[in-house]
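Asks: The structure is given below, and queries will be raised subsequently.
The values are calculated or read from the model by the stated rules, or taken from the named source; none is laboratory data. Everything numeric in this text was worked out from a predicted model, so none of it was measured. Glycine also receives a Cβ, built like all others from the backbone with ideal geometry; neighbour counts cover every protein chain displayed. Surface accessibility is based on the protein's heavy atoms, side chains included, excluding ligands, DNA and RNA. Shrake-Rupley method; radii C 1.70, N 1.55, O 1.52, S 1.80 Å.
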Amino acid sequence: KTFQMAAQAAIMADFDEDEDFSNSPSSGILLGFAEKTDNPLLSPYFPSKIGGKPAWLNLRDIPEAPKCKECGDVLSFLLQVYAPRQGEETFHRSIYLFCCTKASCLESNKSVVAYRSQLKRKNEFYPSFPITDVKVAQREARIEEILSKAKGLCAVCGVRSPMQCSRCKKVNYCSRAHQLAHWKAGHKQACSCNQKVKSTKRANIALEKLVYPEMELIIEDEYIEDIEDAKENLKFDKEKKLLSNYEAEVAKMSKADLDKEDKAFLSDEKLLKAFKGVEANAIREAVMQDANKNKEKKSRKIPNELSKEAREKAEIKENDVDLVFEKFQAYVKANPDQVLRYRSQWDPEVKKREEKKLSIDEPLWICKHGQAKNVPKCEKCGKDRKFEFQVMPQLLNYLNVDATKKNSLDWGVLVVYTCPDSCGDGGKEYFPEFVHCQMVTE
């Protein structure tokens, strides 16, 4: 499935409240996965996609290339999500995300921008029926006719750019870097002879490095059962690691401490030092298990009960363990390759989610620090923006980012908040929305 199919199905479907969804209860979140495709990800197909050039919805009022408010560089197109909603004004609706390529800029929350565009079903750009309904022989010409309505776009990255080639005045660029790359890729010859020139393989590789690899966003439902299974698996892994660490600590301590008759098997203080942040009951259980294994070897003094003070110090507290990150791990473990989480606008299983204490009204934060606190209201209507979707750190694996390079692109999660009413007049401009970048802290 694609976001387009799911969104349109949600709009068109008449939901029956008595229908039984017990076989596959959804969490209410749609998960996005990156997938290579040979399908054309062009505007007339209303795609959800990663990288490449933006497939602009409104082909007339395209915004100028956004720039980073920290370093001044042109922001790179990251992805777009086709997410129509009920209503005439939002029959077509897409969200576009741009970001700076420097991690230091992202930390300031001034280098990621989102634009919302929407159109009525009957509009000046697209037919009221799917482009796939057009006969194949005529489809390519129809698509070219539609795309020709977009003027002044950068030849490399596809954002609107007033700067033109000084010689031919026919090609636009958003930056000097893109102009030079395109010049070397073949425009030098094309500009002088006023004809299209085929780029060399080496030149094409140079151009591809200036934009992120293009992939389609494919969606699946997130199921409550998968999340519960992932939580149980994480709990088991944590207990297994605890036991392994304990056995290693006992083996190390026995050489120096356990041979001394005047000392207890393990004092409360040593337990706390070895297992800070671990529940006292779990420690005591591990101690007792080890004692039963070794009781025939040597008689040791084992504390029957940890002191009240030791128990209080050993309890898992929010300051010692980031429970937010543990929750993040559980949800990611259920679907490790997810690159996007979209809050479904059509939620028939809200009661099942409430029973499981699952909420889709808030994003899945990666840690307790750096969460969004003051999300600005919609500048147009004044209403509180709501969480719509978030970009996961797994997406970085698909962007050909060199993680060894200093200050390379990095984030924890990118959270997009949008106007709850998608206010606007059906497509006369691109509306800025709010993006919060949460970075991973030590």
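Asks: Go through the residues of the stretch 180-193 one by one and say whether even a single one is closer than 27 Å to residue 66 by Cβ, assigned to a loop (DSSP other than H, G, I, E, B) and at pLDDT 75 or above.
Replies: no
Asks: Additional query: Listed residues 406, 383; which is at pLDDT 90 or above, in a loop (DSSP other than H, G, I, E, B), more than 21 Å from residue 98 (Cβ to Cβ) and open to solvent by 10 Å² or more (accessible area, probe 1.4 Å)? Break it down stepwise before answering.
Replies: Details: 406 fails: at pLDDT 90 or above.
Every option except 383 fails the conditions.
Asks: Hey, could you check the stretch 33-90 for residues that are among the polar types (S, T, N, Q) and not in a strand (DSSP E or B) and say which is nearest to residue 415 (Cα to Cα)?
Replies: In the first step, residues of the stretch 33-90 are kept if they are among the polar types (S, T, N, Q); the result is 37, 39, 43, 48, 58, 76, 80, 86, 90.
If we keep only those that are not in a strand (DSSP E or B) too, we end up with 37, 39, 43, 48, 58, 86, 90.
Values: 37: 26, 39: 28, 43: 24, 48: 17, 58: 24, 86: 23, 90: 21 Å.
Per the stated criteria, the residue is 48.
Asks: Among the numbered conditions (1) surrounded by 22 or more Cβ atoms within 10 Å (Cβ to Cβ); (2) under 19 Å from residue 395 (Cβ atoms); (3) at pLDDT 90 or above, tell me where residue 46 comes up short.
Replies: With respect to (1) surrounded by 22 or more Cβ atoms within 10 Å (Cβ to Cβ); (2) under 19 Å from residue 395 (Cβ atoms); (3) at pLDDT 90 or above, residue 46 is out only on (2).
Asks: Can you confirm whether the stretch 76-88 contains a residue that is open to solvent by less than 50 Å² (accessible area, probe 1.4 Å), farther than 18 Å from residue 434 by Cα, hydrophobic (A, V, I, L, M, F, W, C) and in contact with a helix residue (DSSP H, G or I) (Cβ under 7 Å, 6 or more places away or on another chain)?
Replies: Here is the first cut: in the stretch 76-88, the residues open to solvent by less than 50 Å² (accessible area, probe 1.4 Å) are 76-85, 87.
Filter once more, so that each one left must be farther than 18 Å from residue 434 by Cα: 84-85, 87.
Of the ones still in play, those that are also hydrophobic (A, V, I, L, M, F, W, C) are none.
Scanning the stretch 76-88 turns up no residue that is open to solvent by less than 50 Å² (accessible area, probe 1.4 Å), farther than 18 Å from residue 434 by Cα, hydrophobic (A, V, I, L, M, F, W, C) and in contact with a helix residue (DSSP H, G or I) (Cβ under 7 Å, 6 or more places away or on another chain).
Asks: Looking at residue 144 and the list (1) part of a loop (DSSP other than H, G, I, E, B); (2) open to solvent by 80 Å² or more (accessible area, probe 1.4 Å); (3) at pLDDT 75 or above, which single condition is not satisfied?
Replies: Going through the list (1) part of a loop (DSSP other than H, G, I, E, B); (2) open to solvent by 80 Å² or more (accessible area, probe 1.4 Å); (3) at pLDDT 75 or above, residue 144 breaks only (1).
Asks: Looking only at the stretch 103-110, decide whether some residue is in contact (Cβ under 8 Å) with a residue 12 or more places away in the chain, in contact with a His (Cβ under 9 Å, 6 or more places away or on another chain), assigned to a loop (DSSP other than H, G, I, E, B) and among the small types (Gly, Ala, Ser).
Replies: Going residue by residue through the stretch 103-110, those that are in contact (Cβ under 8 Å) with a residue 12 or more places away in the chain are 103-110.
Right, trim to in contact with a His (Cβ under 9 Å, 6 or more places away or on another chain) and you get 109.
Still in the list and also assigned to a loop (DSSP other than H, G, I, E, B): 109.
Still in the list and also among the small types (Gly, Ala, Ser): none.
Checked against the condition, which is being in contact (Cβ under 8 Å) with a residue 12 or more places away in the chain, in contact with a His (Cβ under 9 Å, 6 or more places away or on another chain), assigned to a loop (DSSP other than H, G, I, E, B) and among the small types (Gly, Ala, Ser), the stretch 103-110 yields no hits at all.
Asks: Name the residues in the stretch 210-229 that are in a loop (DSSP other than H, G, I, E, B), open to solvent by less than 40 Å² (accessible area, probe 1.4 Å) and among the hydrophobic types (A, V, I, L, M, F, W, C), would you?
Replies: Within the stretch 210-229, 211 is the sole residue that qualifies.
Asks: Of all residues in the stretch 54-78, how many are under 23 Å from the mean Cα position of the chain (by Cα) and closer than 20 Å to residue 111 by Cβ? Please lay out each step first, then the result.
Replies: Taking the stretch 54-78 first, the residues under 23 Å from the mean Cα position of the chain (by Cα) are 54-57, 65-70, 73-78.
Then drop every residue that is not closer than 20 Å to residue 111 by Cβ, which leaves 54, 65-70, 73-78.
Number satisfying all stated conditions: 13.
Asks: Among what's in the stretch 89-105 and is among the β-branched types (Val, Ile, Thr) and within 18 Å of residue 51 (Cβ to Cβ), pick the residue that is surrounded by the fewest Cβ atoms within 10 Å (Cβ to Cβ).
Replies: Taking the stretch 89-105 as the starting set, the residues that turn out to be among the β-branched types (Val, Ile, Thr) are 90, 95, 101.
After this cut, where a residue has to be within 18 Å of residue 51 (Cβ to Cβ) as well, the list is 95, 101.
Numbers: 95: 24, 101: 20.
My answer is 101.
Asks: Taking interchain pairs and intrachain pairs at least six residues apart, which have beta carbon atoms under 6 angstrom, with the first residue in the stretch 421-441 and closer than 16 Å to residue 96 by Cβ and the second at pLDDT 95 or above and of a type in the set (D, E, K, R)?
Replies: Pairs found: 431/116; 433/116; 434/385.
Asks: Just for the stretch 332-363: of the residues that are at pLDDT below 95 and touching a helix residue (DSSP H, G or I) at 6+ places or on another chain (Cβ under 6 Å), which one is least open to solvent (accessible area, probe 1.4 Å)?
Replies: Filtering first and then ranking leaves 334.
Asks: Which residue pairs have Cβ atoms closer than 8 Å, lie 6 or more positions apart in sequence or on different chains, and pair a first residue in the stretch 52-74 that is over 19 Å from residue 126 (Cα atoms) with a second residue that is assigned to a loop (DSSP other than H, G, I, E, B) and of a type in the set (Phe, Trp, Tyr)?
Replies: Close Cβ pairs (under 8 Å, with a partner that is assigned to a loop (DSSP other than H, G, I, E, B) and of a type in the set (Phe, Trp, Tyr)) amount to 52/212; 63/430.
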